[in-house]
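Colleague: This is the structure I have questions about; it appears just below.
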Amino acid sequence: MTTLKQEDILSAVWRACDTFRGAIDATQYKDYVLTTLFLKYLSDVRRKHVEEFRREYAGDELRIQRRLDRERFKLPVVELKNTKTNEIVESFLGDFYGLYERRTRDNIGELINIVLDAIEKANEGKLGGLFRAIDFNSETNLGQTKDRNRRLKTLLEDFAKPGLSLGDTSEDILGDAYIFLIERFASDAGKKAGEFFTPRKVSEVVAKLAHPKSGDRICDPACGSGSLLLRAGEEVGDGNFQLFGQESNGQTRALARLNMLLHGQDNARVDWCDTLNSPTLIESDHLMRFDVAVANPPFSLDKWWNEDSKTDPYKRFTPHMPPKSRGDYAFILHMLAVTRPTTGRMAVVAPHGVLFRSGAEGKIREKLIRDNLLDAVVGLPAQLFPSTGIPVCIMVFDKARETGGLRSHERDILFIDASRDFEPGKRQNQLRDDDVNKIIEIYRGRSVRERYSHLATFEEIEANGFNLNIPRYVDTFVPEPEVDLQAVQDEIHDLENQLSQTREKMNFYLKELGINV
């Protein structure tokens with residue numbers, strides 16, 4: 001049997017998206033399409049294994065069922081009951097194909113919800129709560145009954161096309177296809193895309209700057225669809241790491257959990273919570289500690305703090321509380337609070353304002369520098385994100401710089417201006433492999449390169465009032481070459497002579513034609 005290629009999956013899913021485009025926003029229909037993709041994957045894997053077990057056990061159904069009970073995921077039998085008599089009126093295997101056979105039912109949205117709920121309960125440890133934020137019977141999202149049923153019927157038919165057997169697909173291909181689809185959805189979603197997606201090359205830079213190692217616990221406190229967290233795990237290389245995420249949007253958190261499962265990260269923990277007000281990654285009444293933290297939190301989040309909360313029980317925002325109108329430093333301080341003392345590392349994407357804004361943010365910035373936590377500042381090009389055209393930066397913190405750490409004797413900060421290195425696009429610019437490699441090479445070597453990087457001393461930064469605006473440290477000005485005025489004058493005379501000769505020839509030809517000049 002031929003293994004599906006990534007483009008086959010993308011083509012099928014993109015065809016399914018046509019059912020919703022124009023009628024429903026991409027931020028909504030992505031959840032339905034990607035959930036259906038996951039359901040089809042579970043169903044196809046089960047079908048494939050049933051065929052293999054039947055051959056292996058010569059049709060012995062009891063032994064086949066025992067093997068199915070030990071599968072990574074279980075698909076249960078769904079029983080539909082009469083609401084008045086409580087008698088079972090119908091039972092079927094709760095998978096994609098059971099729903100496909102019932103796709104013309106007037107209550108197909110309700111049936112999909114029932115099947116997904118049954119799958120959750122049958123796989124409580126891995127899938128518990130996964131689908132609860134996604135309602136296939138929602139009139140608000142999917143339209144009134146007639147339109148909703150038509151869309152769901154078409155969606156099931158699109159995924160039932162011959163040749164789309166996801167059971168024959170490798171995990172790498174399916175996982176990469178999933179991330180590619182999220183990227184495309186982000187492009188469609190425009191400004192709302194920042195809620196769930198970090199561009200792949202930006203994720204790569206952040207992951208490489210944070211540099212996770214074997215055995216690390218890695219956290220993203222604003223993980224969106226989880227792609228940055230997964231990319232940080234990939235950086236380890238040997239698979240020996242643990243992933244933890246937090247996400248405030250229930251539907252986006254479901255995308256992140258699906259992302260983890262499709263990449264084989266069944267043990268990844270992604271919590272649904274408000275990281276800043278109600279963090280859930282807790283151990284013994286204290287915040288969990290991680291070796292590495294990475295994040296692309298929402299830029300300058302307004303009203304991020306619950307005014308009813310008088311103090312932070314975890315003392316993350318002392319002695320200076322970040323302004324209520326901008327949550328950038330709230331996320332940074334949270335990440336610093338959850339990274340291990342003397343060894344923790346973190347990299348966070350932020351707007352350039354965090355580098356120079358005054359007030360409470362200026363005081364926080366000064367304290368972080370005086371505490372010798374900030375390791376590097378990397379300026380990126382504008383228009384890398386579908387959600388904003390502004391240029392952003394990555395701030396890298398390393399707790400090994402603290403007193404007693406590996407680099408405690410150093411207080412310099414590396415500035416990198418990578419804002420001019422990118423591939424331009426009509427709607428969005430892209431970082432190239434060479435651009436990423438250049439940033440990482442300079443960072444790891446702490447190299448100074450003219451008009452690209454600068455190693456600033458503490459005294460230099462102090463003299464600048466702890467303002468970290470990159471142009472203060474990296475001079476990108478390229479002087480214009482000196483102009484040879486005599487050469488310019490000679491060129492002008494030469495051009496005038498050529499013009500005079502041309503005019504004489506034109507006049508000669510015009511006279512031959514009998515035209516007075």
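Colleague: Could you give every pair whose Cβ atoms fall below 8 Å, whose first residue belongs to the stretch 141-157 and is in the same structural domain as E101 (by TED's automatic domain parsing) and at positive phi, and whose second residue is of a type outside the set (S, T, Y) and part of a loop (DSSP other than H, G, I, E, B), counting only separations of at least 6 or pairs across chains?
Modeller: Correct list of pairs: G143/A23; G143/I24.
Colleague: Between L414, L373, which is farther than 14 Å from A456 by Cβ, modelled with pLDDT of 90 or more and among the aliphatic types (A, V, I, L, M)?
Modeller: Details: L414 fails: farther than 14 Å from A456 by Cβ.
Matching residue, one of L414, L373: L373.
Colleague: Of all residues in the stretch 459-515, count the ones that are modelled with pLDDT under 80 and either touching a Pro at 6+ places or on another chain (Cβ under 6 Å) or closer than 30 Å to M395 by Cα (or both).
Modeller: Count: 4.
Colleague: Here is a follow-up. For the stretch 15-59, name all the residues that are under 23 Å from the mean Cα position of the chain (by Cα), more than 22 Å from L93 (Cα to Cα) and assigned to a helix (DSSP H, G or I).
Modeller: The answer is A16, C17, A26, T27, Q28, Y29, K30, D31.
Colleague: With (1) farther than 22 Å from K48 by Cα; (2) at pLDDT below 95; (3) not acidic (D, E) as the list, and L68 as the residue in question, which single condition is left unmet?
Modeller: Status for L68: all satisfied but (1).
Colleague: If I filter the stretch 446-458 for residues that are buried (at least 19 other Cβ atoms within 10 Å of the Cβ) and farther than 17 Å from P471 by Cβ, do I get at least one hit?
Modeller: No, because not a single residue in the stretch 446-458 is buried (at least 19 other Cβ atoms within 10 Å of the Cβ) and farther than 17 Å from P471 by Cβ.
Colleague: Would you check if there is a residue in the stretch 36-44 being surrounded by 14 or more Cβ atoms within 10 Å (Cβ to Cβ) and free of Cβ contacts under 8 Å to residues at least 24 places away in the same chain? Before the answer, list the steps.
Modeller: Narrowing the stretch 36-44 to residues surrounded by 14 or more Cβ atoms within 10 Å (Cβ to Cβ): 36-44.
When the remaining residues are screened for being free of Cβ contacts under 8 Å to residues at least 24 places away in the same chain, the result is none.
Checked against the condition, which is being surrounded by 14 or more Cβ atoms within 10 Å (Cβ to Cβ) and free of Cβ contacts under 8 Å to residues at least 24 places away in the same chain, the stretch 36-44 yields no hits at all.
Colleague: Does T343 meet the test of being out of contact with any Ser or Thr (no Cβ under 9 Å at 6 or more places or on another chain), assigned to a loop (DSSP other than H, G, I, E, B), surrounded by 15 or more Cβ atoms within 10 Å (Cβ to Cβ) and of a type in the set (S, T, Y)? Break it down stepwise before answering.
Modeller: On the way: out of contact with any Ser or Thr (no Cβ under 9 Å at 6 or more places or on another chain): yes; assigned to a loop (DSSP other than H, G, I, E, B): yes; surrounded by 15 or more Cβ atoms within 10 Å (Cβ to Cβ): yes; of a type in the set (S, T, Y): yes.
The answer is yes for T343.
Colleague: Given the conditions (1) surrounded by fewer than 16 Cβ atoms within 10 Å (Cβ to Cβ); (2) touching a residue at least 12 places away in the same chain (Cβ under 8 Å); (3) at negative phi, which single one is not true for G163?
Modeller: Among (1) surrounded by fewer than 16 Cβ atoms within 10 Å (Cβ to Cβ); (2) touching a residue at least 12 places away in the same chain (Cβ under 8 Å); (3) at negative phi, G163 violates only (3).
Colleague: Condition first: more than 14 Å from the chain's Cα centre (by Cα) and farther than 29 Å from K74 by Cβ. Can you find one or more residues in the stretch 248-259 that meet it?
Modeller: Yes, the stretch 248-259 contains at least one residue that is more than 14 Å from the chain's Cα centre (by Cα) and farther than 29 Å from K74 by Cβ.
Colleague: For the stretch 313-342, give me the residue count where each residue is at pLDDT 95 or above and either at positive phi or among the hydroxyl-bearing types (S, T, Y) (or both).
Modeller: Of the residues in that region, 2 qualify.
Colleague: While we're looking at this one, here's another question. Just checking, which of I114, I119 is in a helix (DSSP H, G or I), surrounded by 16 or more Cβ atoms within 10 Å (Cβ to Cβ) and either without any contact (Cβ under 8 Å) to a residue 24 or more places away in the chain or out of contact with any helix residue (DSSP H, G or I) (no Cβ under 8 Å at 6 or more places or on another chain) (or both)? Steps first, please.
Modeller: Values: I119 fails: either without any contact (Cβ under 8 Å) to a residue 24 or more places away in the chain or out of contact with any helix residue (DSSP H, G or I) (no Cβ under 8 Å at 6 or more places or on another chain) (or both).
None of the other options fit; the residue is I114.
Colleague: For the stretch 350-369, does any single residue satisfy the condition of being within 24 Å of the chain's Cα centre (by Cα) and in a strand (DSSP E or B)? First the steps, then the outcome.
Modeller: If we filter the stretch 350-369 for residues that are within 24 Å of the chain's Cα centre (by Cα), which is where we start, we get 350-355.
Pick out the ones that are also in a strand (DSSP E or B) and you get 350-351.
Yes, that holds for at least one residue.
Colleague: With F53, F73 as the choices, which residue is surrounded by 12 or more Cβ atoms within 10 Å (Cβ to Cβ) and over 30 Å from D31 (Cβ atoms)?
Modeller: Details: F73 fails: over 30 Å from D31 (Cβ atoms).
Within the list F53, F73, the selection yields F53.
Colleague: Can you name every residue in the stretch 67-94 that is acidic (D, E) and in a loop (DSSP other than H, G, I, E, B)? If you could, list the steps in order and put the result at the bottom.
Modeller: Step one: of the stretch 67-94, the residues acidic (D, E) are 69, 71, 79, 87, 90.
Across the stretch 67-94, the qualifying residues are E71, E87.
Residue-by-condition table, conditions (1) touching a residue at least 12 places away in the same chain (Cβ under 8 Å); (2) assigned by TED's automatic domain parsing to the domain that holds F356; (3) out of contact with any His (no Cβ under 8 Å at 6 or more places or on another chain):
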| site | (1), (2), (3) |
| --- | --- |
| R446 | yes, yes, yes |
| E459 | no, yes, yes |
| L485 | no, no, yes |
| Q489 | no, no, yes |
| E496 | no, no, yes |
| Y509 | no, no, yes |
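The values are calculated or read from the model by the stated rules, or taken from the named source; none is laboratory data. Since the model is a prediction, treat every value here as computed from it, not as a measurement. FYI the Cβ positions are ideal-geometry reconstructions off the backbone, even for glycines, and counts take in every protein chain you see.
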